[in-house]
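Working notes, structure below.
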Amino acid sequence: MTLTAFRGRGASLAAAAALVLLSGAVRAHAETISVSIDNFTFAPVELKLKVGDTVTWTNHDDIPHTVVSAGKFRSKTLDTDNSFSFTFATAGDYKYFCSLHPHMTGMIKVE
Ligand SMILES: [Cu+2]
């Protein structure tokens, strides 16, 4: 049973390594994309990125906001003109919101 578990983990590690190599070959360089926080809205509200890209959120409102994706990333409270950046190392869908105003939501799809 121990051996089976070990073998299983080795196989998925090899698959992950192959994926990293593959995406490294396709991606010449990563990009940084800006999201503005303005009038209680993330703009653009939805983004599609590649693994390795970075998003920088900047708060243009006169009141504080945060950028939170449960279990993935969490900014500090952003005052006016403060920014928060996160680099997406793993593919997937990242729903996020402002913890101070939970009706403020956004989506980042990383492939
Ligand atoms: Cu907010």
How would Asp61, Asp81 rank on accessible area, largest to smallest, probe 1.4 Å?
-> Asp81, Asp61
Per-residue accessible area, 1.4 Å probe, largest first, puts Asp62, Asp79 in the order Asp62, Asp79
Among beta bridges that DSSP assigns inside segment 32-111, antiparallel share in %, nearest 5 | 65
When all protein chains stay in place, what accessible area (Å², nearest 10, 1.4 Å probe) is found for Phe88?
-> 0
Please give, to one decimal in nm, the separation of the simple spin-label points placed at Thr56 and Phe73, each 7 Å out from Cα toward the Cβ.
-> 1.2
So for Ile108, Ile63, Ile33, what's the accessible-area order with a 1.4 Å probe, most first?
-> Ile63, Ile33, Ile108
How much accessible surface area, in Å² rounded to 10, belongs to the heavy atoms of Leu100 with a 1.4 Å probe?
-> 90
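The values are calculated or read from the model by the stated rules, or taken from the named source; none is laboratory data. It should be emphasised that the depicted structure is a prediction, and the values quoted were computed from it without experimental measurement. All Cβ positions, even for glycine, are placed from backbone atoms using ideal geometry, and neighbour counts span all protein chains on display. In case anyone asks, the SASA skips ligands and DNA or RNA and just uses the protein heavy atoms, side chains included. Shrake-Rupley method; radii C 1.70, N 1.55, O 1.52, S 1.80 Å.
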